[in-house]
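S.K.: Sharing a structure, written as structure tokens. Questions coming.
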């Protein structure tokens, strides 16, 4: 599916602004962005629930269909699981016998074989969402539109359903445009990720490129990338001219790539592409694998995570941190 110069206005307010996007066959494209950036409006425009003010939607084979699933399951409370899943087939005029056969076969994919005669109120939240997904998928859409379908579920169930849907998508081969605000969700399922802000796509890339090479500080801030500092600050810590490309004005480094120098570390002179800075611990948070620390170094706050540190870090303790230049990811302001 290809979107060309899509504009959507609601009450004269432009929500989607000249947006271009191509979703490849069989691709999972994840759309992320702050609240009010136009994510849900775009899904509604593609599905036909909202009129597109201008622009063009085209399909690889000339025409295509979509299925839309919202955060709420929106099942018909007076219909059984079987009837909910087959509702779209009923609207299309598929005979009852064939409709039931297709719905019953689809129940196996949904892992709901024994629930066909239950009503929505007799199902768990995760089961309701699977029925909602089944109701959309049984119509064999070319593109499945997902508007944070698992956001209201608890973490373990959300993770299980993400794995289930990812496996089902790979098996059946349909494309997905998936809106989520969970970064871990995006990383686990996306072939590509797009960041939308103010109705415009700001950056598109595969997950690793997007995080390692944000196109701007605005994107880096949205992705909650840690330890983002100006080139001048990094040069101050390294005490040298870093000789970066002129367009690189900021850099970030993952908190796990900052090494705390403890009593067992070898305190040698930093190599050319390393530096050691000192700081004061201002916050300590236990984690399963170690500790998460905030460290104040010359009034700049660094996030540091440790794995297997043999003692408990103390508030207001002075520590030294080794930074390796090659672990810093550079980007423009």
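Taken together, the values in this text are just the output of simple stated rules run on the coordinates, not laboratory data. Model, not experiment: these values are computed from the prediction. For neighbour counting, all protein chains shown are included, and Cβ atoms are generated from backbone atoms with ideal geometry for every residue, glycine included.
S.K.: At q = 0.14 Å⁻¹, what is the log10 ratio I(q)/I(0) for region 143-246, with the Debye formula run over Cα points and no solvent?
M.R.: -0.68
S.K.: Separate question: Given axes a ≥ b ≥ c from the Cα gyration tensor, I'd like to know whether region 43-191 is rounded (a/c under 1.5), prolate (a/b larger than b/c) or oblate.
M.R.: oblate
S.K.: I've got another one for you. Between 280, 162, 195, find the one with the highest GNM mean-square fluctuation for the chain; connect C-alpha pairs within less than 10 Å.
M.R.: With Cα springs under 10 Å in the chain, the top fluctuation among 280, 162, 195 is at 280.
S.K.: Now for a different question. Please compute the contact order of the chain in relative form: average sequence separation of alpha-carbon pairs under 8 Å and at least six residues apart, divided by the residue count, as a percent.
M.R.: Across the chain, relative contact order equals 17 percent.
S.K.: Could you list 294, 75 so that the one with the fewest beta carbons within 10 Å of its beta carbon is first and the one with the most is last?
M.R.: Numbers: 294 16, 75 22.
Sorted ascending by nearby Cβ count, the order is 294, 75.
S.K.: If you don't mind, another one. Work out the FRET efficiency for residue 315 and residue 10 from their Cβ-Cβ distance, taking R0 = 56 Å, and round it to the nearest 0.05.
M.R.: Efficiency computed from Cβ-Cβ geometry: 0.65.
S.K.: Only counting other Cβ atoms within 10 Å, I'd like 249, 109, 278 sorted with the fewest neighbours first.
M.R.: Least crowded to most crowded, the residues run 278, 249, 109.
S.K.: Does anyone have the angle between helix 96-109 and the longest principal axis of the chain? Alpha-carbon axes, 0 to 90°, nearest 10?
M.R.: Taking Cα atoms only, the helix is inclined about 20 degrees.
S.K.: Here is a follow-up. How much mean residue ellipticity at 222 nm does the chain get from its helices, if each DSSP H run of length 4 or more adds -39500 (n - 2.57) and you divide by all residues, to the nearest 500 deg cm²/dmol?
M.R.: Here the helix-only value at 222 nm equals -7500 deg cm²/dmol.
S.K.: Moving on. Please order 65, 53 by the number of other Cβ within 10 Å, starting at the fewest.
M.R.: Lowest count first: 65, 53.
S.K.: In addition: Any idea what the relative contact order of region 47-174 is, in percent, if you count C-alpha pairs under 8 Å spaced at least 6 apart?
M.R.: With pairs under 8 Å counted, the relative contact order is 37 percent.
S.K.: Starting at 0 and stepping by 20 Å, how many percent of the alpha carbon pairs of the chain end up in each bin?
M.R.: The distribution over the chain is 26, 45, 25, 4, given as percents.
S.K.: Right, something else. If you wrap a convex hull around the alpha carbons of region 228-331, what volume per residue comes out, as a whole number of Å³?
M.R.: Values: hull volume 10.2 nm³, N = 104.
Taking only Cα atoms, region 228-331 has a hull volume of 98 Å³ per residue.
S.K.: Determine how many Å³ per residue the convex hull of the Cα atoms of region 18-60 encloses. Write out the running numbers ahead of the final one.
M.R.: Values: hull volume 3.9 nm³, N = 43.
Output value, Cα hull per residue: 91 Å³.
S.K.: Return the single residue from 129, 283, 169 with maximal mean-square fluctuation; model: Gaussian network over the chain, springs between Cα atoms under 10 Å.
M.R.: Result for the chain, Cα springs under 10 Å: 283 fluctuates most.
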